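Notes for the one structure printed next.
The values are calculated or read from the model by the stated rules, or taken from the named source; none is laboratory data. Since we're looking at a predicted model, the values are computed, not measured. Every residue, glycine among them, receives a Cβ derived from its backbone with ideal geometry; neighbour counts consider all protein chains shown.
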Amino acid sequence: MAKRRAVGIRDVARESQASLTTVSLILNKRDRKISRATRERVLRVVRQLGYRPSRLAQGLQAQKAGFLAVLVPQLRHAFADAYFGELISAIQETASRHDYKLLLEVANEDYVASHQHLELFRRHYVDGLLCMGVTNLDTYLSDFSEGGPPMLVVNNYLPELKLNHVKCDYEQAGRLAGDHLLGLGHRHLAMIHGATEVQTTTDLKVGFASALAKRSLHLADDRFVDGLYTEEGGALAVIGLMRKHPEITGILAGNDKMAIGAISGLKSLGLKVPQHVSVIGCDDMHQAEFCDPPLTTIHTPIYELGQRACELVLELIEGESDTVEETHPVHLTLRKSTCPPAQIG
């Protein structure tokens with residue numbers, strides 16, 4: 001039996017009575033100046049003939065790799081982390097809808113020192129880069145400032161560098177958390193943070209402190225402690241806080257993992273949540289609803305932010321925008337880990 005000849009782009013052009021250039025532009029989605037009727041006619045012939053364009057040929061024609069890189073920090077089980085997993089899932093699903101695939105990279109010391117973040121573009125492996133888990137210490141990202149390759153910082157920003165970024169409003173998050181606890185009547189407050197070198201940590205603290213300042217209160221340095229963004233860190237942080245300041249009745253944690261750890265740590269001290277100490281988190285991850293008690297937290301739209309980050313880096317790739325600086329609002333999710341402070345005496 002003779003092998004059937006594969007359908008080629010010339011067959012599509014002949015059957016649709018369009019030029020090779022026109023067919024190529026339509027298949028590569030560079031058809032803004034082509035009429036709707038012509039586009040529909042060509043795509044109808046593509047379906048009728050069962051033509052399947054070569055991804056490699058498309059990439060060469062459009063001078064695009066068809067890949068986006070996602071750069072995460074060197075953390076233990078980074079890809080298993082709920083926060084990074086939520087972002088990566090949103091980015092992957094959005095990229096797939098636009099016919100892009102993902103390349104996952106870890107920004108360890110050797111990776112940065114050997115400039116692999118730039119090699120991705122020099123070797124045409126990727127068309128764009130999304131960086132998450134960024135800190136103020138990641139000065140190597142200056143390689144992407146002032147019109148460099150398409151790159152976007154996801155849910156953070158570096159104040160000293162002008163980089164494309166999209167983030168949640170962590171100042172608003174801090175204010176909402178502070179206003180909620182203060183509105184319940186709490187006056188002895190503390191905050192467990194994840195890392196002071198992360199700019200959004202500073203923003204969260206600024207918002208929290210501003211809520212306190214409106215009531216002539218101050219967040220002392222020894223009530224602003226590191227919980228390492230982990231459950232274990234949150235538990236250890238709260239144990240240290242309560243042993244030093246047993247009068248504390250309200251705590252903001254910089255993410256839900258530390259808040260859940262703090263609840264566990266308080267229980268180990270024989271303290272009840274929220275009867276003795278109210279705890280509020282920040283993220284509204286899935287597990288927040290199912291801890292004991294269910295966690296009051298600031299909802300940051302992480303999944304939606306991942307979707308938006310992917311859309312924005314694609315706009316940078318296509319030249320539809322030159323710079324990106326977006327901040328998305330957050331809101332309070334009220335559950336059962338906060339209540340008015342217990343009346344003493």
Test: L130 is within 14 Å of the chain's Cα centre (by Cα), assigned to a strand (DSSP E or B) and not β-branched (V, I, T): yes
Output for the range 183-211, where each listed residue is at pLDDT 95 or above, surrounded by 18 or more Cβ atoms within 10 Å (Cβ to Cβ) and touching a strand residue (DSSP E or B) at 6+ places or on another chain (Cβ under 8 Å): H186, L189, A190, M191, I192, H193, T200, T201, L204, K205, F208
Residue in the range 146-164 that is among the hydroxyl-bearing types (S, T, Y) and either modelled with pLDDT under 95 or assigned by TED's automatic domain parsing to the domain that holds G281 (or both) present: no
Leading residue by the ranking (nearest to R187 (Cα to Cα)) among those in the range 271-290 that are surrounded by fewer than 20 Cβ atoms within 10 Å (Cβ to Cβ) and not polar (S, T, N, Q): H276
Tally, over the range 258-280, of residues that are touching a Leu at 6+ places or on another chain (Cβ under 9 Å), free of Cβ contacts under 8 Å to residues at least 40 places away in the same chain and within 13 Å of P293 (Cα to Cα): 4
Hits in the range 247-295 - residues which are part of a helix (DSSP H, G or I) and of a type in the set (D, E, K, R): D256, K257, K267, E289
Subset of the range 310-345 [out of contact with any Pro (no Cβ under 7 Å at 6 or more places or on another chain) and among the polar types (S, T, N, Q)]: S321, T323, T327, T333, Q343
